[in-house]
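Okay, structure first, notes after.
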Amino acid sequence: MARPQHGGMRDMTVGSPARQILLFTLPLLAGNFLQQLYNMVDSWVVGNYVSDAALAAVGTGFPVIFFFSSLFMGLSTGGTVVISQFYGAGQMDRVHDAVDTIYAAFLRLILPMTALAMLAAKPLLHLLQVDETAMDEALTYLLVVCGGLIGTVGYNFNAGILNGLGNSRTTLLFLSIAAGLNIVLDLLLVLVIPLGVLGVALGTVISQAFSWLFGLFYINRHFPELRIRLFRSKLDKALFREIVRIGLPAGLQMSMVSLGTMAILSKVNSFGKAFTAGMNVGNKLDSLAFLPTQSLAAGITAFVGQNMGAGREDRAHQGIRAAVAAADIWTVFTALVLCLFSESFIGIFSPDAPVIAAGSYYLRCVMPPYVLFATLFVLNAAMRGAGDSVFPMLNVAASLILIRVPAVYLLADHFGPHVMFWGYGIGWVLGCGLSVWYYVTGRWKRRFRPPEKREEA
């Protein structure tokens, strides 16, 4: 069956691998930049017009929210891989079945997960040792944003479906709407109507929910072969097992990253709200610098999925090598810039000297070894595209949890907070080494299941 290519769908099994990845990645990069931009606007508005306590509260909330949404994001990743492989094999009828299955699972799980997130918000903040002056605002932010998880998760599902078809242009449209609306609402609900942290949280929830619902309407109107039936979707049990096989390890991996981040935040919070605020700002900046690599990783997942589905393993290898090289070059450049001008960048978000100092400590520790993280991130994404999510999960557990977190604590206890973030690089050395070894040995290809074999099963 021919693969449709209208409306931004991209067949990445033909043409130059580097060019295909680049054309797919650029809209993703623009969208991720917009998403990071409105997150940074949140921090800028709160840091300059509310308080440092509020800035610390918002920053603390991000890993908690990510933790609860990560399992759904794992399902989205599994859906992207399965859809890309079916699309690469020209099986559009199975693409639609996968879309139906993803949404059926989403609707069954979102309400219980939302309730759990809201119930767990306060205990988690106490575990994170949030400064008492920031506790009320952190709890307000978390309760509101966790209550609106349906919009966050729904958007990611829409994006995952379209990414599997090589369509990153439409996801850019959805993100542009969310980013623009969120910035307007931030200014309205914080500067005009002084709701503080509550206003920032409401802006986030409203903008993401609108983007998700608009996405449903847009996809059903412009991509009739997908036909997202919100309340009439059917769950294909065999397909669901395959999506879970790929997506559950990816979701668990994201959850573990969140747990590791929260464990580190607990230590960071013990040094006071100014240190927490500085670390949170530094994290925003390194996340911004990481966006091209993050976009390349999403691109290589879809690229590898389509080409493995089409039986083009040679092209998969070519694309992986090109993506790793591009990610490494970019990361070295941004690390140099952020280390040299760390105080100036942190000062944009807060004028307080302790916040600037803490943020600078963070960037000067984290950025020099960032190239290692970029390499392992892209390689892990490529492996997921072939259907192997187990190794990336185990790699993350070993490097980012078992090594990084204890290293951060030991450095903080023995040498002080200004060097604790060198623990990140210690973990990345192990993770990068394992990813390179696993890729070179070719073991990741053993987990790939051709679409035709999946149908027989």
(request) Check whether at least one residue in segment 362-369 is of a type in the set (Lys, Arg) and surrounded by fewer than 20 Cβ atoms within 10 Å (Cβ to Cβ), and report yes or no. (result) yes
(request) Look at segment 407-420 and say how many of its residues are within 15 Å of Leu265 (Cβ to Cβ) and either surrounded by fewer than 18 Cβ atoms within 10 Å (Cβ to Cβ) or modelled with pLDDT under 90 (or both). (result) 2
(request) Give me the pairs, please: first residue somewhere in segment 425-449 and of a type outside the set (Asp, Glu), second residue anywhere and part of a helix (DSSP H, G or I) and surrounded by fewer than 18 Cβ atoms within 10 Å (Cβ to Cβ), beta-carbon distance under 8 Å, and either six or more positions apart or on two chains. (result) Leu430/Ala398; Gly431/Ala398; Leu434/Ala398; Lys445/Glu313
(message) So Arg447 passes all but one of these: (1) over 20 Å from Thr80 (Cβ atoms); (2) surrounded by fewer than 18 Cβ atoms within 10 Å (Cβ to Cβ). Which condition number does it fail?
(response) (1)
(message) Which numbered condition in (1) modelled with pLDDT of 85 or more; (2) part of a helix (DSSP H, G or I); (3) surrounded by fewer than 20 Cβ atoms within 10 Å (Cβ to Cβ) is the only one that Gln208 fails?
(response) (3)
(request) State all residues of segment 181-202 that are without any contact (Cβ under 8 Å) to a residue 60 or more places away in the chain and part of a helix (DSSP H, G or I); if no residue qualifies, say none. (result) Leu181, Val184, Leu185, Leu188, Leu189, Val192, Leu198, Gly199, Leu202
(request) Could you tell me which residue of segment 162-190 is farthest from Pro224 (Cα to Cα), considering only residues that are buried (at least 22 other Cβ atoms within 10 Å of the Cβ) and in contact with a Ser or Thr (Cβ under 6 Å, 6 or more places away or on another chain)? (result) Asn182
(message) Considering only segment 231-243, I want to know if a residue exists there that is modelled with pLDDT of 85 or more and closer than 23 Å to Phe66 by Cβ.
(response) yes
(request) Give segment 372-402 a look and list any residue that's aliphatic (A, V, I, L, M), surrounded by 19 or more Cβ atoms within 10 Å (Cβ to Cβ) and assigned to a helix (DSSP H, G or I), or say none. (result) Leu372, Ala374, Leu376, Val378, Leu379, Ala381, Ala382, Met383, Val390, Met393, Val396, Leu400
(request) Could you tell me which residue of segment 181-205 is nearest to the chain's Cα centre (by Cα), considering only residues that are of a type outside the set (Val, Ile, Thr) and modelled with pLDDT under 85? (result) Asp186
(message) Show the residue pairs meeting these rules: Cβ distance below 7 Å; 6+ apart or different chains; first residue within segment 120-144 and under 14 Å from Leu55 (Cβ atoms); second residue among the polar types (S, T, N, Q) and at pLDDT below 80.
(response) Val130/Thr60; Ala138/Thr60
(request) Answer yes or no: is there a residue in segment 194-202 that is of a type in the set (Val, Ile, Thr) and within 28 Å of Thr140 (Cα to Cα). (result) yes
(message) Quick check on this structure: which one of Ala327, Ala358 is touching a residue at least 12 places away in the same chain (Cβ under 8 Å), within 23 Å of the chain's Cα centre (by Cα) and buried (at least 24 other Cβ atoms within 10 Å of the Cβ)?
(response) Ala327
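Residue by residue, here is whether (1) closer than 19 Å to Val205 by Cα; (2) in contact with a Lys or Arg (Cβ under 9 Å, 6 or more places away or on another chain) holds:
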| site | (1), (2) |
| --- | --- |
| Thr101 | no, yes |
| Phe106 | yes, no |
| Met113 | yes, no |
| Met118 | yes, no |
| Leu125 | no, no |
| Thr152 | yes, no |
(message) Any residue in segment 384-395 that is free of Cβ contacts under 8 Å to residues at least 60 places away in the same chain sitting within a Cβ distance under 8 Å of a residue that is surrounded by fewer than 22 Cβ atoms within 10 Å (Cβ to Cβ) and aromatic (Phe, Trp, Tyr)? List the pairs, counting only those 6 or more apart or interchain.
(response) Phe391/Tyr438; Asn395/Tyr438
(request) Kindly list, by first and then second residue, each pair from a residue in segment 11-33 that is closer than 21 Å to Ala310 by Cα to a residue that is of a type in the set (S, T, N, Q) and crowded, with 20+ Cβ neighbours inside 10 Å, limited to pairs with Cβ atoms under 7 Å and residues at least 6 apart or on different chains. (result) Met12/Gln20; Met12/Gln306; Met12/Asn307; Thr13/Gln306; Thr13/Asn307; Phe24/Ser168; Thr25/Ser295
(request) Can you tell me which residue among Phe349, Phe377 is under 21 Å from Val41 (Cα atoms), touching a residue at least 24 places away in the same chain (Cβ under 8 Å) and among the aromatic types (Phe, Trp, Tyr)? (result) Phe349
(request) Kindly indicate the residue of segment 313-324 that is over 19 Å from the mean Cα position of the chain (by Cα) and crowded, with 20+ Cβ neighbours inside 10 Å and also farthest from Gly387 (Cα to Cα) among those meeting that condition. (result) Ala322
(message) So for segment 233-251 (the condition being of a type in the set (Asp, Glu), closer than 26 Å to Met73 by Cα and out of contact with any Pro (no Cβ under 9 Å at 6 or more places or on another chain)), does at least one residue qualify?
(response) yes
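The values are calculated or read from the model by the stated rules, or taken from the named source; none is laboratory data. Predicted, not measured: the structure shown is a model, and the values here were computed from it. Here the Cβ is made from the backbone with ideal geometry for all residues, glycine too, and neighbour counts use every protein chain on show.
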